[in-house]
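Following: one structure in structure tokens, then a few remarks.
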Amino acid sequence: MTSFYMKDATFIRLKTAEIGYSLPRNVVARTRTFSDVRFYVSGFNILTWAKSIKLGGS
């Protein structure tokens with residue numbers, strides 16, 4: 001068997017992340033419309049780190 005077709009599939013992935021901020025209740029209370037307000041951003045499949053792969057050759 002030749003090693004030409006073999007490759008290292010080692011990787012690290014940041015698959016999901018979410019960051020958010022809830023407004024303080026005293027700020028939200030001024031609106032008299034909402035009881036809580038929260039802003040957030042989320043992402044999926046954000047980053048993948050993989051080793052450099054060199055196939056064949058010497």
Being open to solvent by 100 Å² or more (accessible area, probe 1.4 Å), at pLDDT 85 or above and not in a loop (DSSP other than H, G, I, E, B), is that true of even one residue in region 43-51?
-> yes
Those residues that are outside any loop (DSSP other than H, G, I, E, B) and under 24 Å from the mean Cα position of the chain (by Cα), I need them from region 15-37; list them, please.
-> Lys15, Thr16, Ala17, Glu18, Ile19, Gly20, Tyr21, Ser22
Considering region 8-39, residues that are modelled with pLDDT of 90 or more and of a type in the set (Asp, Glu), and then whichever is least open to solvent (accessible area, probe 1.4 Å), we arrive at Asp36
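The values are calculated or read from the model by the stated rules, or taken from the named source; none is laboratory data. Everything numeric here is computed off the predicted structure, so don't read it as measured data. Note: accessible area is taken over every heavy atom of the protein model, side chains too, but ligands, DNA and RNA are not part of it. Shrake-Rupley method; radii C 1.70, N 1.55, O 1.52, S 1.80 Å.
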